[in-house]
Amino acid sequence: MLEKELATPLSILKKYYGYNSFRKNQQEIITALLQRNDSLCIMPTGGGKSICYQVPALLFEGITVVISPLISLMKDQVDTLNNIGVPAIYLNSTVSQAEQAHIMDDIKIGSYKLIYVSPERLDSPHFLHFLQQLPIDLIAVDEAHCISQWGHDFRPSYAKIGQLMQQLSPRPVIAAFTATATKTVAEDIKKGLRLHSPLDFISGYERENLAFSVVKTGNKKKYLLEFIQRLQGESGVIYTATRKDVEDLQLYLAKNGIEAVTYHGGMSEKVRNDHQERFIFDDEKIIIATNAFGMGIDKSNVRYVLHYQLPKSMEAYYQEAGRAGRDGEASECVLLFTSKDVQTQKYLIEQSTSLGERKDHEYLKLQAMVDYCHTTKCLQTFIVHYFGDEANKDCGKCSNCKSDLEEVDVTTEALKIFSCIVRMKERFGVTLIAQVLKGSNNKRIKDLGLTTLTTYGIMKEKTEKAISELTQLFIAEGYLTLTTGQYPTVKLTEKALAVLKNGEKVFQKIKPVKQEEPVHSELFEKLRELRKKIAETEKLPPYIIFSDVTLKEMCKYYPQTKAEMLEIKGVGEMKFEKYGDVFLTIISSFCQENNVTASAEPQKKQTEKAKDDPSYLTTLQLFREGKEISEISAIRGLKETTVEQHLIQAAVEGVELEWQRVLPNSYQQLIIEAKEAIGGEKLKPLKEALPEEISYFHIKLALCI
Ligand code: ADP
Ligand code: MG
Ligand code: ZN
């Protein structure tokens with residue numbers, strides 16, 4: 001099976017996982033473990049912790065035991081490993097006694113390289129005795145922060161691991177993995193697990209593929225709806241504060257034709273599990289959940305996590321939001337903020353049973369969360385600082401980095417709204433305030449005698465909706481507060497009084513949060529369908545078959561042969577054997593229909609920028625010297641289509657070339673006209689609408705230029 005003499009961490013990575021290079025710290029951690037150094041590895045969610053202990057597991061003679069806190073996590077990992085040809089198994093409470101005995105026999109004869117166990121399992125003296133008989137090289141403790149009372153998922157059974165491991169002889173190497181560890185938590189882990197002079201590996205907390213935004217909107221529902229419509233077809237999690245909100249939002253989305261499943265503690269376990277499965281298996285794209293959902297969800301293609309309300313701490317927020325984009329693809333994390341949610345969280349702290357010091361601690365954590373919502377700094381930087389780390393640079397894609405709007409002076413509007421509220425004696429809600437300011441003829445306004453107020457109609461140039469939204473924004477910014485209860489009324493805070501009395505100015509950045517539309521090719525949809533079908537027959541979540549990244553690479557490079565397919569990120573030998581052919585078939589028929597060809601060396605292109613790729617530069621050089629495409633192709637021994645690809649690449653990067661040599665102006669004209677008439681997302685209809693002699697190459701080039 002494993003050719004041990006030849007196997008290196010890198011060859012294992014390539015052969016089993018289909019990846020060509022290690023991510024930050026992976027190689028270092030693997031080396032440390034192979035040299036039998038205990039290690040503490042702090043790596044962000046999606047950073048690739050599993051590979052750090054799975055690769056050594058494949059290189060060690062003996063067995064690796066992975067301690068994992070959740071049944072669903074174990075199952076997911078074991079499925080993933082089996083699917084790439086690694087013999088792994090789990091033992092937890094879902095395994096019957098009889099099965100367990102069977103599995104233990106198999107383990108004894110060396111049938112498995114990795115065994116996943118729940119920490120509770122270790123409590124059994126019988127099980128410990130069993131472990132003592134095994135040749136265990138490595139113990140990997142996943143989600144190691146569960147050992148600390150100061151972490152957010154304290155698990156009493158984790159506390160015993162360290163002491164139990166003392167009883168194994170020879171003592172295996174112990175490696176601890178976590179994504180969120182403050183200094184206190186890190187110390188707790190080292191002490192609790194009794195690590196022997198552990199090496200620290202800290203990859204930082206940055207998640208480069210996540211775009212964070214804080215949105216202060218007067219109309220959360222509308223924002224949510226538009227957001228989901230923009231990301232149509234993508235998988236996402238919506239977190240709400242209460243079970244009731246979960247149900248409400250589902251109804252609201254359903255009314256607007258959007259399907260979603262729900263998840264909260266008030267549902268039966270059966271229904272909950274069913275919903276979770278449907279989400280994981282891509283049967284449902286959206287899950288609306290309370291924070292009961294998520295721990296142990298390794299679904300890698302979650303494209304957004306939207307928090308409908310403020311979470312209680314940055315730790316909780318980053319962990320929940322961090323469930324987006326585990327596969328490293330661009331994903332969004334949106335937090336909808338209003339100051340009313342702060343009140344709710346404070347109320348929850350008051351109601352909780354914690355006392356004194358603990359309560360203060362919770363208030364401090366909440367305050368940090370509120371500061372996150374108000375900061376004008378880079379949000380990713382804020383998070384990284386919060387966890388006690390230095391950020392390299394601002395992320396450039398969060399709502400603060402992207403807000404190019406100047407803060408505008410809205411003092412006049414604020415004064416009008418605030419004084420209207422004073423005149424209305426702070427006894428009414430947002431809608432009525434807006435109606436008065438607008439000068440509405442509403443019967444209720446007349447009945448209440450509000451038409452006589454001096455503020456009646458002083459904002460008639462604005463729509464009622466705009467006035468409401470502005471009012472909500474002032475609520476979000478803490479100038480106004482809402483009372484609790486069924487009909488909340490608006491009251492002024494100190495901050496608003498300072499504006500009214502001391503003439504303080506009010507500035508407001510009004511942030512539109514717009515990110516590029518995700519483009520999904522026809523091919524991507526086809527591959528996604530195929531993946532879904534395979535997943536159904538194999539009863540595995542689709543992302544275990546292939547991740548979104550892998551499908552996207554296929555769409556980018558159109559592999560046509562086994563060798564080309566193996567170059568795709570995420571296609572290892574085992575996976576090629578299982579799925580390679582069916583995917584190749586779909587890709588090649590797509591290529592024939594659309595007249596496209598493969599472009600080589602996907603992984604290499606990813607790491608090296610095309611600009612520095614000598615092959616591409618050579619083509620440009622020859623083109624500049626006046627050579628035709630056919631000549632370049634002959635000189636370089638490349639397919640003409642490859643040469644064309646190089647030219648298109650140049651067009652994308654804005655390189656100045658004599659384009660009319662390959663794209664006559666008349667063609668360009670026709671293509672642009674056709675694009676204006678029928679749109680440019682799909683090439684096929686364009687091609688069909690244009691004269692025969694205009695090729696796909698011409699079209700692509702024209703669109704790029
Ligand atoms: P973590 O446990 O740190 O949250 P995982 O181990 O689940 O992260 O890995 C997240 C994703 O990243 C998985 O889909 C995994 O296959 C992928 N991944 C890990 N290491 C690499 C690598 N070196 N190259 C490409 N993808 C990787
Ligand atoms: Mg993990
Ligand atoms: Zn930023």
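Here are the numbers for the structure shown:
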read-out: Positive-end residue of T338, I174, S313, charge dipole of the chain with Cβ unit charges; value: T338
read-out: Derived scalar couplings ³J(HN,Hα) [the stretch 313-328; Karplus, 6.51 cos²θ - 1.76 cosθ + 1.60; whole Hz; x for Gly, Pro]; value: 7, 5, 4, 5, 4, 5, 5, 5, 4, x, 6, 7, x, 4, 7, x
read-out: Dipole in debye (nearest 20) - the stretch 522-593, about Cα centre, beta carbon charges: Lys, Arg +1; Asp, Glu -1; value: 180
read-out: At most 13 other Cβ within 10 Å, DSSP loop - GluC sites (Glu not before Pro), the stretch 444-495; value: E461
read-out: With 10 Å bins from 0: P(r) over the chain, alpha-carbon pairs, percent; value: 3, 12, 20, 22, 18, 13, 8, 3, 0, 0
read-out: Helix-only mean residue ellipticity at 222 nm for the chain, each DSSP H run of n ≥ 4 adding -39500 (n - 2.57), per residue, nearest 500; value: -13500 deg cm²/dmol
read-out: Rotationally averaged projected area of the stretch 361-474 (alpha carbon convex hull; nm²); value: 9.8
read-out: The stretch 123-171 versus the stretch 521-552: alpha-carbon centroid distance in Å; value: 36
read-out: Accessible-area ranking of C146, C395, largest first, probe 1.4 Å; value: C395, C146
read-out: Amide H contacts under 5 Å for A241, placed H, 5+ residues apart; value: Q309
read-out: Dipole of the stretch 522-593, positive end: most advanced residue of L566, I544, V582 [Cβ charges, Cα centre]; value: I544
read-out: Whole-Å distance, taken between Cα centres, linking the stretch 355-424 and the stretch 661-696; value: 48
read-out: Charge dipole (debye, nearest 20) of the chain; +1 at Cβ of Lys and Arg, -1 at Cβ of Asp and Glu; value: 2220
read-out: Amide H partners (placed H, <5 Å) of E567, local residues excluded; value: none
read-out: Reachable aspartates and glutamates, given that their alpha-carbon falls under 15 Å from the alpha-carbon of K359 and they are not under 8 places away in the same chain; value: E350
read-out: Estimated D of the stretch 210-386 in µm² per second, where Rh is the Kirkwood radius over Cα pairs and Stokes-Einstein applies at 25 °C, 0.890 mPa s; value: 147
read-out: Nitroxide proxy distance, nm - points 7 Å out along Cα→Cβ at T353 and I586; value: 5.1
read-out: Set of the stretch 71-90 residues, backbone N closer than 19 Å to the point 7 Å along the Cα-Cβ line of Q100; value: 71-75, 89-90
read-out: Area of D409 that stays accessible when all protein chains are in place (1.4 Å probe, Å², to 10); value: 80
read-out: Residue-by-residue Karplus 3J(HN,Hα) for the stretch 210-226, coefficients 6.51, -1.76, 1.60, Hz, glycine and proline x; value: 9, 9, 8, 9, 10, 10, 9, 10, x, 9, 4, 4, 5, 4, 4, 4, 5
read-out: Over the stretch 4-202: Kirkwood hydrodynamic radius from C-alpha pairwise inverse distances, Å; value: 16.8
read-out: Filtered GluC sites (Glu not before Pro), the stretch 49-151: DSSP coil and at most 15 other beta carbons within 10 Å; value: E61
read-out: HN-Hα J in Hz across the stretch 557-571 - Karplus 6.51, -1.76, 1.60, θ = phi - 60°, x for Gly and Pro; value: 10, 6, x, 10, 10, 4, 4, 5, 5, 5, 6, 6, 4, x, 10
read-out: Accessible-area composition of the stretch 4-202, carbon plus sulfur, in percent [1.4 Å probe]; value: 55
read-out: Å² per residue, accessible surface of the stretch 407-509 at 1.4 Å; value: 53
read-out: The stretch 1-60: GluC sites (Glu not before Pro) in DSSP coil with no more than 10 other Cβ atoms inside 10 Å; value: E3, E5
read-out: Over the stretch 407-509: Rg over Rh, Cα atoms, Kirkwood Rh; value: 0.94
read-out: Considering only the chain, percent of DSSP beta bridges that pair antiparallel, nearest 5; value: 10
read-out: K299, K526, ranked by accessible area, largest first (probe 1.4 Å); value: K526, K299
read-out: Accessible surface ranking that places the most exposed of D282, D188 first, with a 1.4 angstrom probe; value: D188, D282
read-out: Between the stretch 187-221 and the stretch 432-466, the Cα center-to-center distance that results, in Å; value: 48
read-out: Residues of type lysines that K460 reaches as a straight line, Cα spacing below 16 Å, ignoring anything fewer than 8 places off in the same chain; value: K416, K438
read-out: Where only C-alpha atoms are counted, convex hull volume of the stretch 522-593 per residue in Å³; value: 75
read-out: Heavy atoms of M314: accessible area, 1.4 Å probe, square angstrom to 10; value: 0
read-out: Relative contact order [Cα under 8 Å, 6+ residues apart], the stretch 292-435, whole percent; value: 18
read-out: I136 long-range amide H proximity, modeled H, under 5 Å; value: I63
read-out: With all protein chains modelled, accessible area of T353 [1.4 Å, Å²]; value: 130
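The values are calculated or read from the model by the stated rules, or taken from the named source; none is laboratory data. Every value quoted in this text rests on a predicted model; they were computed, and no experiment measured them. Backbone-built Cβ (ideal geometry, glycine too); neighbour counts: all protein chains shown. These area figures cover heavy atoms from the full protein model, side chains too; ligands, DNA and RNA do not enter into them. Shrake-Rupley method; radii C 1.70, N 1.55, O 1.52, S 1.80 Å.
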